[in-house]
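Novice: Okay, here's the structure, questions in a sec.
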């Protein structure tokens, strides 16, 4: 059993100047590094390719980072429940900083891709464990305020990341995109080391090596198949079939071993709790929408509406701005009407944004496209953030890392599914009218407009699923005993009880 040493009842103040303020600031800074890194490299790709070469390999700079981050998230979550948050958070920050340093000195595209893998492994710890730390040291009511601080980090990253990437590339060089992480990461690590204290009962644990290896292998093959299917190879090709078949075998073996493991890396009680299943489903659907739109809104803006890359980026930024605005206000909403009502409101707003997207065509202004993205961002913000808080609320300290990590892994899987599904929709339309699979960059606007309009149509269907997910969320959630962990044989059912809402 592990216990947090951050007593909630005696620390009423919330904010950067409060007793817990330095910890909040360190977590925000750590998450900010990961958030900025997800956008800062995109505008620097031309400079990186011009310096290192390897144009055909540069997409792996993003894919390898996403794969490493997604697969490691649940593993870090379990380890944080066993050994405490602090050592795993410091490990994540250390790996991210080390990866950044290596990326800055990369001598070729292959080396840069490998070092991005190291960065991704660090990012896989920082985001979920950072959110878990906040779940540990703040009560549910306090988290309603803290969410605003964390949301501001993502809002700033959405605007600052691409700008910094462009500025560094045009002035002191793209390598400073990575070097700038060094002092910020060091500062975050130092504050966490000095100010964050937790009391963890020391005992021997049996690491689930077999389960971890099977999950990592099966998850990697699944995400790789989704991300590269229809791009590097056809969906019906032997490569795709082999990847998905091997993934299914490994994940089936993973479930078999987890049922018998003494301390499973992903306890099966996670899948027997209604709150966690609904929260994870909501995150998965949000992931589908986020990456799907991120892939095709800029393309529609540039190729169909005829805007430049900067304007196209701003249209998409409207979504990433709407999201944190909603996340910052979601706390007050779920405290007053509950998680189910909040998710339903978010799903309804997202559906409205998807319907608004359907009205966008080749004659529309960029402002209509940006407005639709903003509305969808608001809707997803009212789903994603409350889903994480609901998952954390439903479990005790010793299960919170797993719950948070699983929720974020679900969003990563959703992102890969979104890229695959929306890509298949566009490619199906294009190949059906041209009789081949040409590079999308060379397809005329007359073909591309209806193809991406089909994506918008599918988006409406996906948001309808989000409405169903919201309706399935329990009306009320009660917090379990602060130190008890749900057993693998007998999951904690208090999360589904119709008890008074947590305040």
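Novice: So how tilted is helix 209-228 from the main axis of the chain? Cα-based, degrees 0 to 90, rounded to 10.
Specialist: Approximately 20 degrees, to the nearest 10.
Novice: How large is the translational diffusion coefficient of the range 317-420 in µm² per second when you combine the Kirkwood radius over alpha carbon pairs with Stokes-Einstein at 25 °C and 0.890 mPa s?
Specialist: 167
Novice: Then there's this: Using a 7 Å offset from the Cα along the Cα-to-Cβ direction at both residue 242 and residue 160, what is the distance between the two label points in nm, to one decimal?
Specialist: The two pseudo-label positions are separated by 4.5 nm.
Novice: Taking the chain as the reference, fit the longest principal axis to its C-alpha atoms, fit the long axis of helix 21-40 to the helix C-alpha atoms, and give the angle between the two in degrees, 0 to 90, nearest 10.
Specialist: 20
Novice: By its C-alpha gyration tensor, with a ≥ b ≥ c as the square roots of the eigenvalues, how is the chain shaped: rounded for a/c under 1.5, else prolate for a/b larger than b/c, else oblate?
Specialist: Note, shape of the chain comes out rounded.
Novice: Can you put 323, 176 in order, fewest other beta carbons within 10 Å first?
Specialist: Exposure proxy ranking, most exposed first: 176, 323.
Novice: On to the next question. So how tilted is helix 274-299 from the main axis of the chain? Cα-based, degrees 0 to 90, rounded to 10.
Specialist: Compared with the principal axis, the helix lies near 30 degrees.
Novice: Between the range 104-170 and the range 278-324, what is the separation of their alpha carbon centroids in Å?
Specialist: That distance is 18 Å.
Novice: Rank by packing, highest mean first: peptides 239-246, 337-344, 266-273, with packing defined as the count of other Cβ atoms within 10 Å averaged across residues.
Specialist: Result, highest mean first: 337-344, 266-273, 239-246.
Novice: Give me the one-decimal nm value for the distance between modelled label points at residue 365 and residue 444, 7 Å along each residue's Cα-to-Cβ direction.
Specialist: 2.9
Novice: Using helices alone, what [θ] at 222 nm do you get for the chain, with -39,500 (n - 2.57) per DSSP H run of 4 or more residues, divided over all residues and rounded to the nearest 500?
Specialist: -25500 deg cm²/dmol
Novice: Which of 214, 82 has the fewest other C-beta atoms within 10 Å, and how do the rest follow up to the most?
Specialist: Going from sparsest to densest Cβ surroundings: 82, 214.
Novice: Could you sort 187-193, 410-416 so that the peptide with the highest average Cβ count within 10 Å comes first and the rest follow in order?
Specialist: 410-416, 187-193
Novice: For the pair residue 434/residue 50, report the inter-label distance in nm, with labels modelled 7 Å from Cα in the Cβ direction.
Specialist: About 2.8 nm, to one decimal.
Novice: Turning to a different aspect of this structure: Could you list the square roots of 5 times each eigenvalue of the Cα gyration tensor of the range 267-503, that is, the equivalent ellipsoid semi-axes, sorted largest first and rounded to whole Å?
Specialist: Working from the Cα gyration tensor, I get semi-axes of 37, 18, 13 Å.
Novice: Hey, another quick one. Please arrange 13, 258 by how many other C-beta atoms lie within 10 Å of their C-beta, fewest to most.
Specialist: Ascending Cβ contact count within 10 Å gives the list 13, 258.
Bear in mind these aren't lab numbers, they're just calculated from the coordinates by the rules spelled out. The shown structure was predicted, so the numbers you read here are calculated from the model rather than taken from an experiment. Counting neighbours? That spans all protein chains shown, and the Cβs are built from the backbone with ideal geometry, glycine included.
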